[in-house]
Amino acid sequence: MDITSQVNTGWMLTATVAVTFMLPGLALYYGGLSRTKNILNTVMVVFGGFAVTAVLWVLYGYGLTLGDSAGGAGIIGNPSGLFGLTSLMGAPTPEGAVPAILIAVFQLVFAGLTVGIIGGAVEGRMKFSAWLIFSGLWATLVYFPVAHWVFAFDSDDGSTVGGWIANRVGALDFAGGTAVHMNAGVAALVLAVFLGRRRDFPAVGRPGNLPIAILGGGLLMVGWYGFNGGSSGGIDESAGVALTNTLIAACSGLLGWLIVERLRRGSATSLGAISGVLGGLVGITPAANSVSPVGAVVIGLVAGMIAFFTLGLKERFGYDDALDAVAIHMFPGIFGTLAIAVLADPSSPAGAAGLLYGGGLGLLGAQVLAVAAVFVYTFAVTALIAWVLKTTIGLRASETQERAGLDTSIHAETAYEVDDIRS
Amino acid sequence: MKLITAVLQPSALAPVKAALAEAGITGMTVYEAKGHGAQAGKVEVYRSQKILVEFLPKISIEVIVTDATLDAALTAISEGAHTGQIGDGKIWVSEVSRVIRVRTGETDEDAV
């Protein structure tokens, strides 16, 4: 392996470790937002969904996602020869490139986290077995194809063909505004509808442990540097720009949320701060290498506000997206993807020009098409999976289990020794 | 002999303890409690979701006193706990028919 490859490999190893911090981050963030009787179940949902997806990724998910597009159609990768990742061992690494097996494990974490994000919808009422089966089906039928569309690029020498959104449409989605955040958010919306509302929705009670949620959100923020920074694929200016924009959008997201929260609700809250950080991070994820730092400030600020204003939709339309995957991931993910069409800076590593920089409507069309395609596909296929599971094994825990809390009724554990007299 | 029960704000514990000590009363039992009086809880907001927290943290203090020290004890507790704000709490007094100090076997007023 040449020295450039080694240097790039060093960064991708670092980014892979960093991005894996998002697993405990997501588990603790969602766990802390859960009621005290469900925190352990929520943590299990995140870790369990990740684990199922990781194993499937090694078996065939990598091939479906990053394999040569079947028939050159850009719809799904051809996993033949890639089952179990075995063939990646000993494969030659092109000059300057990173070993394919390292890219495989880096992308594995993306897949697992995307499934984990959906888990925000199910707090306190989903059978754990049904969740694990859902995770495997959803990763297979939704994530792997969609990630192929968005993340699989044609190889420079034309020997392998990638996904249709990334290559034929030419939409810009750096680290997963569509494939990760909007994808998971749409799935959360659909699953929440099929699962039904928790008892007493919307007055279900307060988050069980905000400091834990804030710790988790902070871990997510740090892990996000690996998520976006590693999406550059190596050490170059793109990684630096992505890290800069990621940090800035997190901060402006915090401010965006707190400004509207203070004006509309009277208090700037700690939960609002961490929610705004995450909204800003989601918003910048697709745009991290295509906008200027000032563009990142704008995206984060608006994404934080969008997340705040879309919270109320679940009550208006009656879907119980318990921990707000729709408001925090779906809407800011859509916004960030579309904002590229306006704010893309030609001097950025991506090099595209948005409308503000004299770019044409072509980029806007590509971004809209990417969002629409992923939305429709994910909505439909997630609904199919949820319907099949609901009519066969059932999705929902029993009323007795829900009342007692899933920690004790499903996992035979409790998180807290303290009593929970609140209402 | 009387049993004084006081349900107070948690922040009242230190001033009440000091006021009782000044009145010469050192023995007490303290419980962490949850409750509400006429105020009926407090609204908190999480991600715009208003949540009524009905039972708020309180402390409950129990003190056994002789009839002679009752008034001094009541004054100490009520003055120590008074802020004038909603939720300051309540104090009530009950009759105690017998008291035994376990270590010495002393009974009634000797054991208080």
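The residue list A:Asp236, A:Asp173, A:Asp156 contains one member that is charged (D, E, K, R) and under 21 Å from the mean Cα position of the chain (by Cα), which is A:Asp173. Counting only residues that are within 9 Å of chain B (Cβ to nearest Cβ) and either modelled with pLDDT of 95 or more or touching a Leu at 6+ places or on another chain (Cβ under 7 Å) (or both), segment A:198-210 holds 2 of them. Considering only residues in segment A:298-323 that are assigned to a helix (DSSP H, G or I) and more than 14 Å from chain B (Cβ to nearest Cβ), the one that is most open to solvent (accessible area, probe 1.4 Å) turns out to be A:Phe317.
The single residue among B:Lys42, B:Lys50, B:Lys34, B:Lys90 that is over 29 Å from A:Ser270 (Cα atoms) and among the basic types (Lys, Arg) turns out to be B:Lys90. Of the listed requirements (1) open to solvent by 20 Å² or more (accessible area, probe 1.4 Å); (2) touching a residue at least 24 places away in the same chain (Cβ under 8 Å), A:Thr378 misses just one: (1). Here A:Gly84, A:Gly61 are screened, and the one residue that is more than 22 Å from the chain's Cα centre (by Cα) and outside any loop (DSSP other than H, G, I, E, B) is A:Gly84. Going through segment B:10-33 one residue at a time, which ones are within 14 Å of chain A (Cβ to nearest Cβ) and buried (at least 16 other Cβ atoms within 10 Å of the Cβ)? Hit for segment B:10-33 is B:Ala33, nothing else. The residue that is nearest to the other protein chains (Cβ to nearest Cβ), counting only those in segment B:39-60 that are open to solvent by 40 Å² or more (accessible area, probe 1.4 Å) and in contact (Cβ under 8 Å) with a residue 40 or more places away in the chain, is B:Pro57.
I want to confirm something. Restricting to segment A:269-297 and keeping residues that are within 14 Å of A:Thr244 (Cβ to Cβ) and surrounded by fewer than 24 Cβ atoms within 10 Å (Cβ to Cβ), which single residue is farthest from the other protein chains (Cβ to nearest Cβ)? Step by step, filter segment A:269-297, then rank; the result is A:Ser292. Residue check: is A:Ser348 open to solvent by 10 Å² or more (accessible area, probe 1.4 Å), outside any helix (DSSP H, G or I) and closer than 18 Å to A:Phe174 by Cβ? For A:Ser348, the condition - open to solvent by 10 Å² or more (accessible area, probe 1.4 Å), outside any helix (DSSP H, G or I) and closer than 18 Å to A:Phe174 by Cβ - is met. Just one residue in the set A:Ala341, A:Ala242 is farther than 18 Å from A:Gly185 by Cβ, buried (at least 23 other Cβ atoms within 10 Å of the Cβ) and touching a residue at least 60 places away in the same chain (Cβ under 8 Å); that residue is A:Ala242. Taken over segment B:70-112, the criterion of being without any contact (Cβ under 8 Å) to a residue 24 or more places away in the chain, open to solvent by less than 50 Å² (accessible area, probe 1.4 Å) and either of a type in the set (D, E, K, R) or in a helix (DSSP H, G or I) (or both) is satisfied by B:Ala111 alone. Among all residues of segment A:383-397, there is at least one that is without any contact (Cβ under 8 Å) to a residue 24 or more places away in the chain, under 21 Å from A:Ala192 (Cα atoms), more than 14 Å from chain B (Cβ to nearest Cβ) and hydroxyl-bearing (Ser, Thr, Tyr). Considering only segment A:13-41, how many residues are more than 30 Å from A:Asp320 (Cα to Cα) and crowded, with 22+ Cβ neighbours inside 10 Å? Count: 1. Just one of the listed residues (A:Ala130, A:Ala213, A:Ala192) is open to solvent by less than 10 Å² (accessible area, probe 1.4 Å), within 18 Å of the chain's Cα centre (by Cα), away from chain B (no Cβ under 14 Å) and small (Gly, Ala, Ser), namely A:Ala192. No other residue among A:Leu255, A:Leu263 is away from chain B (no Cβ under 14 Å) and part of a helix (DSSP H, G or I) apart from A:Leu255.
Annotation note: of B:Ala68, B:Ala111, B:Ala73, the sole residue that is closer than 17 Å to B:Thr29 by Cα, modelled with pLDDT under 95 and away from chain A (no Cβ under 14 Å) is B:Ala111.
The values are calculated or read from the model by the stated rules, or taken from the named source; none is laboratory data. Because the structure is predicted, anything quoted here is derived from the model rather than measured. Note that each Cβ is placed from the backbone with ideal geometry, even for glycine, and that neighbours are counted across all protein chains shown. Protein only, heavy atoms only, side chains kept; ligands, DNA and RNA dropped before computing areas. Shrake-Rupley method; radii C 1.70, N 1.55, O 1.52, S 1.80 Å.
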